[in-house]
Amino acid sequence: MAIIFSDGYTDKENNVFYRTGKNLRTVNSKLTVASATSTIGDIYVLSPSLTLNSKIHRIMTPAGVTAITGFSDNDLGFYYLKNDVLTAIDADVLVDALDLSSNVANIDLLSNNAALDKSLTIGELISKGSDAGYADGIFLCMTVNSAATADGVVDLDIKIEESTAN
């Protein structure tokens, strides 16, 4: 008989998240998509003021998403704010080409990226050290690459682990 630990415990055995658990912060982000104003390049802010030591554990669709016609290519990644302008750090590091043009069940949207290592901090994902912070924090955003041709709502619950070492 073998003893088998979870992947997180095996990869980072000293991280209490995988040993005894940690509290996660949940940010609800409800996006109203209006076809009359939806354009390619729109940026929806899902969660502002994150740190490089934060981890995004899940981006859930608790009620699912009803299909939004035309909304077939959206990216999930990170931006920073300077002089009221959002600039991409890595706009599709979490999910590239998320399709919301057909019904989406109650799932973790990060499951659309099989290669994503959710045990990494934001800083590790974007290859920045913890001393390379941004004055207004890092923003988790959805970038629109195909405009919606119908109205809709995307209701998300984002599960974030804040560093206890900040």
Practice item. Please give the strands (runs of 3 or more DSSP E) falling wholly within the range 59-166 in which 1 or more residues are among the charged types (D, E, K, R). Key: 74-82, 85-98, 152-161
Practice item. Consider only pairs whose beta carbons are under 9 Å apart and that are at least six residues apart or on different chains; among these, list those whose first residue lies in the range 20-39 and is loosely packed, with under 10 Cβ neighbours inside 10 Å and whose second residue is modelled with pLDDT of 90 or more and part of a loop (DSSP other than H, G, I, E, B). Key: ALA36/ASP151; THR39/ALA147
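Residues are listed down the side, and each one gets a yes or a no for (1) under 14 Å from the mean Cα position of the chain (by Cα); (2) of a type in the set (S, T, N, Q):
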| position | (1), (2) |
| --- | --- |
| ILE68 | no, no |
| THR87 | no, yes |
| LEU120 | yes, no |
| GLU124 | no, no |
| THR143 | yes, yes |
| LEU156 | yes, no |
Point to revise | Evaluation of LEU52 against (1) within 24 Å of ALA150 (Cα to Cα); (2) surrounded by 20 or more Cβ atoms within 10 Å (Cβ to Cβ) (one fails), failing number | key: (1)
Exercise for review: Select from the range 134-166 the residues that are closer than 20 Å to ILE107 by Cβ and surrounded by fewer than 20 Cβ atoms within 10 Å (Cβ to Cβ) and list them in ascending order.
Suggested key: VAL153, ASP155, ASP157, LYS159, ILE160, GLU161
Review point. How many residues does the range 60-79 hold that are under 14 Å from THR143 (Cβ atoms) and out of contact with any Cys (no Cβ under 6 Å at 6 or more places or on another chain)?
Key: 8
Review point. Do you know which of the residues in the range 89-103 that are small (Gly, Ala, Ser) and surrounded by 16 or more Cβ atoms within 10 Å (Cβ to Cβ) is modelled with the lowest pLDDT?
Key: SER101
Review point. Can VAL45 be described as surrounded by fewer than 17 Cβ atoms within 10 Å (Cβ to Cβ) and touching a Cys at 6+ places or on another chain (Cβ under 8 Å)?
Key: yes
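The values are calculated or read from the model by the stated rules, or taken from the named source; none is laboratory data. Everything numeric here is computed off the predicted structure, so don't read it as measured data. Cβ: placed from backbone, ideal geometry, glycine included. Neighbour counts: every protein chain shown.
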